[in-house]
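Colleague: I have a structure I would like to understand better, so I am pasting it below and will then ask my questions one at a time.
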């Protein structure tokens with residue numbers, strides 16, 4: 001096998017046909033799971049000198065091909081039929097104690113089977129990056145632009161080196177250093193542009209000692225423990241407590257309107273678990289993991305570990321080790337914190353459980369909510385799923401009795417719900433003259449908020465200045481050459497940007513397709529909202545929060561801190577301001593283009609629109625001041641808008657259930673999406689059709705429903721054509737368990753087209 005080539009099931013040479021029957025050999029043999037896309041484990045001999053530490057869950061160094069690889073022992077055996085000539089030895093045991101305890105080891109096996117990956121790939125999701133290799137790096141690379149650089153250097157890069165241009169421009173905007181890993185991830189770049197800029201002498205890359213995660217040191221917010229709970233909170237906690245006392249597993253869906261005190265129920269449940277000597281995991285969406293959120297838990301429990309994607313490898317390992325040693329018993333984190341090595345787990349909380357960010361988009365493509373339920377079951381722990389707008393799958397599970405439903409129907413303190421006004425932007429006279437983005441009523445209430453020295457949030461889930469440039473001549477839009485995505489005009493950097501692959505280009509003077517001049521602007525983004533609002537309300541102190549302005553976690557924290565201190569009047573942003581924020585002075589929320597996501601080709605588009613409306617609306621009127629929400633839309637009669645304006649989850653759920661049942665979508669079936677990607681369109685189509693026919697031939701009689709092969713909604717991404725199949729399974733899972741192994745084997749045999757299996761997909765894009 002060539003160096004770097006992906007191993008397959010057929011890498012090991014078969015025995016000659018005339019070979020003698022296999023002979024059983026005795027000794028100690030370790031089944032080792034390697035982080036390879038091969039759905040099997042590999043057997044190695046364990047020498048007597050390594051026996052003391054060679055136990056399930058320990059990391060080992062083993063030969064694999066012509067490389068030395070790190071794997072995890074998943075089982076020890078005392079016999080093997082593998083011929084001595086083919087059996088290799090474990091080179092070293094890397095841990096004195098197992099790094100993956102029995103509970104997590106079993107959980108990773110479940111993940112591998114459920115989400116169609118190898119056991120080694122599932123284990124790789126559990127381990128911090130330093131434990132996936134031998135040795136540990138003590139320093140991390142930080143990059144900064146050298147002093148004195150500016151427009152001349154950017155112009156030199158503009159024509160021939162667009163990736164270097166993006167990187168250098170971002171560094172100049174930041175005005176300081178940044179972790180190289182984070183910068184490259186944000187810009188979707190490899191290390192090559194950074195190396196090229198260093199050769200030019202324009203950037204410096206220094207390896208520096210890692211600093212503690214700022215979330216651990218900057219978390220000062222407090223959650224005052226109320227003397228008493230509301231009747232609904234007390235009732236919910238009583239039911240949770242009964243299971244904790246009995247040490248019985250249960251999954252609860254805590255459905256509570258925004259401001260109803262879900263967090264206090266979480267905190268009290270964790271208090272009880274800690275009193276029993278047990279631990280807790282709290283999962284929140286990445287964008288809700290703020291100093292405010294962490295501060296609530298630290299103020300109640302003292303030492304709290306934090307795990308999130310922006311931590312460096314060393315920071316994550318230190319927190320992981322702290323939990324493993326039992327020095328902290330509570331961890332707050334994003335999706336991957338579900339794998340934290342918490343001892344004697346008593347409670348798992350998944351806050352905003354409906355959030356699609358809990359679904360991992362790369363292998364293993366697990367859903368943290370479902371993994372949380374399974375881990376709690378294995379640990380005999382309580383799992384609390386909380387949301388004001390639960391995922392329909394969770395709501396249905398509660399309706400049929402698989403989860404227990406807990407309700408918090410009223411805001412704590414009995415405050416009146418926000419007044420919500422829906423504005424039909426198609427009606428004459430609704431738009432502000434000279435600023436059609438804002439309705440007259442929204443602009444009026446913004447002025448009133450400023451007079452009262454209160455605060456407002458404006459939400460538009462689209463960044464940039466102009467999302468689409470349209471040619472009236474040939475009736476086309478300006479699209480990215482590498483993706484089937486319209487290019488967005490970003491006014492500040494004077495560039496068109498693809499929000500799928502991050503490629504940029506200059507603004508064309510004429511249509512690239514027909515050469516007609518005069519491209520039209522279609523739609524608006526958050527950058528234009530900020531620009532127009534500053535022109536209309538020059539005295540207002542405005543900040544924008546989207547992925548263009550929040551490059552670093554410090555940017556996010558500084559902006560939220562300024563808003564909390566009332567150094568800002570209006571916060572403009574995308575979905576990162578939609579949840580997890582609790583500011584008592586916010587009395588007005590404006591939702592612009594509330595219906596823009598309804599036309600996405602995804603069966604969850606209505607549900608997501610409703611959830612965003614309800615979540616954003618929940619940012620207003622959270623204290624004693626009354627709140628108001630202005631919903632601007634061109635589709636006021638759409639169900640998501642109607643029910644969202646009433647914050648009527650039950651009615652929305654009934655509407656969705658009827659539609660999903662009619663079209664056979666979750667929660668009434670299990671869904672698996674198979675995505676095919678290839679640089680050659682014809683080969684991609686042919687491979688997809690071959691899989692479709694094979695699936696129908698093999699499993700149609702068993703009850704499998706297979707859609708016809710067709711292009712994915714994003715049919716071209718980074719130069720690769722994309723097709724997909726949707727497979728629908730009965731809920732019992734038996735057929736899915738039969739189909740997945742066949743799919744995995746076929747993926748191994750497919751050498752030219754990339755095939756990705758996504759079980760329970762969160763998006764069909």
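Colleague: Taking R0 as 60 Å, what's the FRET efficiency between residue 173 and residue 248 from their Cβ-Cβ distance, rounded to 0.05?
Modeller: So the FRET efficiency works out to roughly 0.65.
Colleague: What ranking do 167-173, 588-594, 506-512 get when scored by the average of other Cβ atoms within 10 Å per residue, highest first?
Modeller: 588-594, 167-173, 506-512
Colleague: Could you check the spin-label model distance between residue 325 and residue 159? Points 7 Å from the Cα along Cα→Cβ, value in nm.
Modeller: A separation of 5.9 nm, rounded to one decimal place.
Colleague: Further, regarding this structure: Sorting check: for 533-540, 157-164, 457-464, which peptide has the highest mean count of neighbouring beta carbons within 10 Å, and how do the rest follow?
Modeller: 457-464, 157-164, 533-540
Colleague: Once you place label points 7 Å from the Cα toward the Cβ at residue 515 and residue 715, how far apart are they in nm?
Modeller: Simple spin-label model gives 2.7 nm for this pair.
Colleague: Right, another one. What does the extension gain come out to for residue 441 and residue 132, with contour length at 0.36 nm per residue minus their alpha carbon separation?
Modeller: Length difference between fully extended and current span is 105.6 nm.
Colleague: Measure nothing but the geometry: give the 0 to 90° angle between the long axis through the Cα atoms of 681-699 and the longest principal axis through the Cα atoms of the chain, rounded to 10°.
Modeller: For 681-699 against the chain, the angle is about 60 degrees.
Colleague: In nanometres, what is the gap between the two model label sites at residue 690 and residue 407, each 7 Å from Cα along Cα-to-Cβ?
Modeller: So the label points at residue 690 and residue 407 sit 5.5 nm apart.
Colleague: Which value at 222 nm does the chain reach when only helices count, each DSSP H run of 4 or more adding -39,500 (n - 2.57), with the total divided by all residues and rounded to the nearest 500 deg cm²/dmol?
Modeller: Mean residue ellipticity at 222 nm (helix-derived): -9500 deg cm²/dmol.
Colleague: Give the share of C-alpha pairs in each 10 angstrom bin for region 40-120, from 0 to the last occupied bin, in whole percents, shortest bins first.
Modeller: Reading upward from the zero bin: 17, 48, 32, 3.
Colleague: Given 0.36 nm per residue, what is the gain on full extension from residue 566 to residue 89 after removing their alpha carbon distance, in nm?
Modeller: Additional length available on full extension: 165.3 nm.
Colleague: How tilted is helix 231-246 with respect to the longest principal axis of the chain? Cα atoms for both, answer in degrees (0 to 90, nearest 10).
Modeller: The helix 231-246 is inclined about 10 degrees to the chain.
Colleague: What is the distance in Å between the Cα centroid of region 239-317 and that of region 413-463?
Modeller: One Cα centre to the other: 35 Å.
Colleague: Sticking with this structure for a sec: So if we plug the beta-carbon distance of residue 238 and residue 663 into 1/(1 + (r/R0)^6) with R0 = 41 Å, what FRET efficiency do we get, rounded to 0.05?
Modeller: 0.55
Colleague: With just the Cα atoms defining each centre, how far is region 546-576 from region 54-107? Give it in Å.
Modeller: 47 Å
Colleague: Between residue 146 and residue 534, take the C-beta separation as r, use R0 = 30 Å, and let me know the FRET efficiency to the nearest 0.05.
Modeller: Working from the Cβ atoms, E equals 0.35.
Colleague: Let me ask another. Ordered by packing density, taken as the mean number of other Cβ atoms within 10 Å over each peptide's residues, highest first, how do 145-153, 544-552, 178-186 rank?
Modeller: 544-552, 178-186, 145-153
Colleague: At 0.36 nm per residue, and after removing the present C-alpha to C-alpha distance, how many nm does the segment from residue 547 to residue 765 gain when stretched out fully?
Modeller: Result for the pair: 76.5 nm of gain on full extension.
Colleague: In degrees between 0 and 90, to the nearest 10, how far off the longest principal axis of the chain does helix 605-617 point, with axes built from Cα atoms?
Modeller: For helix 605-617, the angle is close to 60 degrees.
Colleague: In percent, what relative contact order does region 215-411 have, based on Cα pairs under 8 Å that are 6 or more apart in sequence?
Modeller: 34 percent
Readers should treat all values here as calculations from the given coordinates under stated rules, not as data from a laboratory. Just so it is clear, the model here is predicted, and its values are computed rather than measured. For neighbour counting, all protein chains shown are included, and Cβ atoms are generated from backbone atoms with ideal geometry for every residue, glycine included.
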